[in-house]
Structure formats: C-alpha cells, structure tokens
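Enquirer: This is the structure I want to talk about, given as structure tokens.
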C-alpha cells in the first residue's frame with residue numbers, strides 16, 4: 001500500500017531556530033501533498049497544499065513567510081518553520097495520495113512531528 | 001467557511017457495546033466524505049471514502065452510511081473492542097482538499 005514517511009517525529013529546540021520537517025512518499029509519486037497542524041483538543045487544520053514544481057497554496061490565516069513549503073520532487077515536500085517561537089509548538093502532519101487531490105481515494109498520512117519550542 | 005461537525009466529542013463504552021457517531025457537513029457541492037481512525041502514536045488510517053447518497057460501506061465490525069442530501073454520515077461499530085479505542089475523524093472533500101471535523105474520541109473499556 002501507499003506509504004508516507006515523515007521526519008523527524010519529534011523536535012525540541014530554542015526559540016528563534018528554524019525547523020525543517022520532511023514528508024516523503026515512499027512507493028508512489030505525489031504531485032500534491034498536504035500539511036496539517038493539530039491544536040490541543042482540536043482536529044487537523046489544513047495549513048497548505050504543497051504542489052510539486054510550483055508555489056504552495058496556503059489556507060487563510062497561515063503565514064507563508066513563517067511556514068515555508070518546498071515541493072521540489074515528486075516524492076518529497078518540506079515544511080520549514082522559520083524563526084520558531086513557543087506559539088508554533090504543535091503537532092504537524094502531512095498527507096498524500098497516489099491519485100492526487102481530486103480523487104475518491106483516501107489520503108495516506110505520515111506519523112506526524114511533535115514540535116516543541118522552548 | 002466550510003464546517004464539518006462531529007458528535008459526540010468523546011464516548012466511553014464497555015467492551016461488547018455497539019456504538020455510533022455522527023458527522024455533519026454542508027450538503028452543497030458534495031464530492032466525497034472520508035472517515036479515518038487515528039490511534040494514539042500512529043498515523044490516521046483510512047476507513048472509508050464515501051461518494052454516493054445512500055452509500056453504506058462495511059469493514060469488519062465497522063460500517064458507515066451517507067446522506068448527501070441532508071448532509072450527514074453515521075459511523076457504526078458493532079461489539080466494540082478495546083482495540084477500537086481511537087479518535088474517529090470524518091472529512092469532506094472540498095476544492096481538492098479535506099476539511100476535517102473535530103473527531104470523536106472513543107474509549108472502550110474491557
């Protein structure tokens with residue numbers, strides 16, 4: 001089955017550090033990947049749609065300069081939290097599907113990254 | 001703003017009980033509804049993708065129904081087991097992206 005790998009699973013770092021999170025599709029090509037953030041006691045909030053070879057599409061209220069997304073290949077999207085602050089501490093998770101976005105097939109999720117900014 | 005609502009937020013049942021929960025969504029511009037199970041320390045796992053009004057899908061003891069005209073889907077678990085404990089998420093496919101509900105957290109006690 002389709003497998004999505006996300007790395008790292010946990011990051012603890014100082015305020016002001018930039019943190020890069022990788023999302024890889026291991027056995028399929030993904031022209032589109034999605035990045036979500038989970039707030040405490042809340043569901044998955046879509047942050048942005050990562051598009052291979054073009055700019056990401058950000059949801060309303062998500063700062064594109066704070067959350068940089070790069071989708072340079074068909075199997076890798078990265079989310080960089082720039083100059084992270086304690087309020088950026090959260091759980092970030094990515095998803096992708098072999099059939100892309102407009103499909104009746106399910107998304108496959110990474111294991112998520114727990115980001116803690118001290 | 002597209003709102004997907006799930007109820008209840010949490011549910012505690014005894015092993016062997018059957019249970020069900022609800023996902024409500026705007027009925028307009030319907031394309032698909034997804035259900036996922038999310039166990040602690042794991043990634044969300046797809047249960048069903050439902051597309052047609054009146055759809056009923058089944059996977060083992062879990063089944064789901066869909067009413068696109070009134071904008072709701074039910075997820076049923078028959079004879080709950082402790083391993084069913086998880087958060088169950090529904091999501092409406094809208095504009096090529098999934099809009100998730102807040103989830104129903106199910107706890108099954110042995």
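None of the figures in this text is laboratory data; all of them are computed from the coordinates on show. Quantities reported herein were computed from a predicted structural model and do not represent experimental measurements. Heads up, the Cβs are rebuilt from the backbone with ideal geometry, glycines too, and the neighbour counts pull from every protein chain shown.
Enquirer: Testing the spin-label approximation: label points 7 Å from Cα along Cα→Cβ at residue B:20 and residue A:51. State their distance in nm.
Expert: 4.1
Enquirer: Additional query: Pop the C-beta distance of residue B:12 and residue B:45 into the FRET formula with R0 = 25 Å and round what comes out to the nearest 0.05.
Expert: Details: r = 22 Å, r/R0 = 0.87.
According to the calculation, E is roughly 0.70.
Enquirer: Quick check: residue separation of residue A:74 and residue A:39 times 0.36 nm, minus the Cα distance between them. What number comes out in nm? Write down the numbers at each step before the final one.
Expert: Values: separation 35, 0.36 × 35 = 12.60 nm, distance 2.86 nm.
The residue A:74-residue A:39 span can extend by a further 9.7 nm.
Enquirer: Another question about this same structure. Using the count of nearby Cβ atoms within 10 Å as a rough guide to exposure, how do B:90, A:13 rank from fewest to most? Could you put the intermediate results ahead of the total?
Expert: Values: B:90 32, A:13 14.
Lowest to highest Cβ neighbour count: A:13, B:90.
Enquirer: What is the Cα centroid distance between region A:73-91 and region B:1-64, reported in whole angstrom?
Expert: Computed from Cα coordinates, the inter-centre distance equals 28 Å.
Enquirer: Ratio of Rg to Rh for the protein assembly as shown, alpha carbon only, Kirkwood? Spell out each step's value before the answer.
Expert: Working: Rg = 17.6 Å, Rh = 18.1 Å.
When Rh is taken as the Kirkwood radius, the ratio is 0.97.
Enquirer: By how many nm would the segment from residue A:58 to residue A:85 lengthen if fully extended, with 0.36 nm per residue of separation less the alpha-carbon distance?
Expert: Details: separation 27, 0.36 × 27 = 9.72 nm, distance 1.99 nm.
Length gained between residue A:58 and residue A:85: 7.7 nm.
Enquirer: Rounded, prolate or oblate: which fits region A:2-71 when a ≥ b ≥ c are the square roots of the eigenvalues of the alpha-carbon gyration tensor, with rounded for a/c under 1.5 and prolate only if a/b beats b/c? Show your work: numbers first, answer last.
Expert: On the way: a/c = 1.43, a/b = 1.23, b/c = 1.16.
Rounded.
Enquirer: Further, regarding this structure: Over region B:1-87, calculate the relative contact order: mean separation of alpha carbon pairs under 8 Å at least 6 apart, over the residue count, as a percent.
Expert: Numbers: 152 pairs, mean separation 28.4, N = 87.
Result for region B:1-87 is 33 percent.
Enquirer: Quick one: of the DSSP bridges fully inside the protein assembly as shown, what percent are antiparallel, nearest 5? Write down the numbers at each step before the final one.
Expert: Details: 73 of 82 bridges.
DSSP beta bridges in the protein assembly as shown are roughly 90 percent antiparallel.
Enquirer: Mind ranking A:59-67, A:44-52 by how tightly packed they are, going by the mean number of other C-beta atoms within 10 angstrom, highest first? Intermediate values should be presented prior to the final figure.
Expert: Working: A:59-67: 11.8, A:44-52: 20.7.
So the peptides A:59-67, A:44-52, ranked by packing, come out A:44-52, A:59-67.
Enquirer: What is the antiparallel percent of DSSP beta bridges lying wholly in chain A, to the nearest 5? Show your work: numbers first, answer last.
Expert: Details: 35 of 39 bridges.
Counting only bridges with both partners in chain A, antiparallel ones make up about 90 percent.
Enquirer: How many percent of Cα pairs in chain B exceed 19 Å?
Expert: Considering chain B, 39 percent of its Cα-Cα pairs are separated by more than 19 Å.
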